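Written out below as structure tokens is the structure these notes cover.
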């Protein structure tokens, strides 16, 4: 039997293969083969391992279909390839193979924080970067990076650490000059296929659309949170004025893009390749805000790309920090919980964004939102209507109360402030807002205690979210008078908000069942 603690496995994503002009016979799989052989690294060893992987495929897969999409050979050994179910089963019986599994699609887990935590990150009062963290390299595996952000300005930074061996890959709207002494590396794995044919060189086959650039924003956000430089006067249209900075603002950043902006999400096999490369490149810390879908079963670590890659990174002295997931408050939904991972929950800070709701009876309720409403305390009040009161003839009460698309009569909503409940998670806050706007509403009040710590931005459309207690009082007011009215005030940011910190309601709680 093999020691699972010294082995890794990875999966492969067939969405990349769809762009290659060859018949597709199967799906993307990862073949995990454990720790790599000793004997150093370099191109020679990589060529030997790739040749061995192709030879292994040759015993199972016809030559014309023998392609590797990724070959892992730095921190662990394995490869990703297009396989049928029968071929995957045959490979799993090979004496050198630890496990074979389908390439999963992983999910993304979507400034004042460090001041609140009283964590000045080692910066001198004059804003200069200390030497203590200047040599730390943080690898961020996510959606890429937007290099023009001031968070990645390298003013005052010293030379790049000599141990750095990574790349700054080019692509559309991303040149080598996009990297600097702060953003020292950038790789991408989504639109650039790591296809390896029997006679191919180690060089990857790059498609014209591939780029390390972040078209989503999530990766840039995560990188700046971890290591963003100090940016004075940061604000959002006048809200939250202050200095934005990361937890280690003097640290270097290396970006690894494994997620795309489309429905294909984040490839597990690409994430494994990014971890393999990051360890070889010389990073000290790997940050991953990506994970598998939460389940109520004990996770299989030999089919979890994050757990496998993190294990071998840990063996090489690289700390892997992962998000716990955003499927709370449902119990036992935490992901990325392998014991060699530093798993981090989401918490609140002492700053809140309040948008007050003023009723016609002068009662005021503090809601959570980011909006720039033109309504005011002493200005015009607008009629209030609950979704259930504006239902179409055949709409179930549960749908119109949740403001389902098509469940409301527009003439009963137009010119009024619409009130919806949030008991159906399929109808997101953004969908409810679009329903309200499409119906001609003058604003939207959402009754939902979940995710109030993460208010959405609705621009100039008046929106505010309240908890169930305040919502019950608003509904009682609507039912108590013939002409209920209200106004939704523009957002104000509130500091020193209490209680804080607390675990955010959306943060995935609880540990999975114990493993032997």
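A few remarks follow.
- Residues located in segment 456-490, provided they are modelled with pLDDT of 90 or more and within 20 Å of residue 237 (Cβ to Cβ): 461, 462, 463, 464, 465, 488, 489, 490
- Elements of the type strands (runs of 3 or more DSSP E) sitting completely within segment 1-101 and holding at least 1 residues that are modelled with pLDDT under 85: these cover 68-72.
- Considering residues of segment 202-224 that are touching a helix residue (DSSP H, G or I) at 6+ places or on another chain (Cβ under 9 Å) and modelled with pLDDT under 90 only, the residue farthest from residue 145 (Cα to Cα): 202
- With respect to the conditions (1) touching a helix residue (DSSP H, G or I) at 6+ places or on another chain (Cβ under 8 Å); (2) at pLDDT 90 or above, residue 415 lacks only one, and its number is (1).
- Checklist (1) over 30 Å from residue 236 (Cα atoms); (2) at pLDDT 90 or above applied to residue 394, failing item: (2)
- Residue 233 being modelled with pLDDT of 85 or more and either assigned to a strand (DSSP E or B) or crowded, with 19+ Cβ neighbours inside 10 Å (or both): yes
- For segment 135-144, residues that are over 17 Å from residue 275 (Cβ atoms) and either at pLDDT 95 or above or surrounded by fewer than 16 Cβ atoms within 10 Å (Cβ to Cβ) (or both) total 1.
The values are calculated or read from the model by the stated rules, or taken from the named source; none is laboratory data. Worth saying up front: this structure is predicted, and the values here are computed from it rather than measured. Neighbour counts are summed over all protein chains in view; Cβ atoms, including those assigned to glycine, are modelled from backbone coordinates with ideal geometry.
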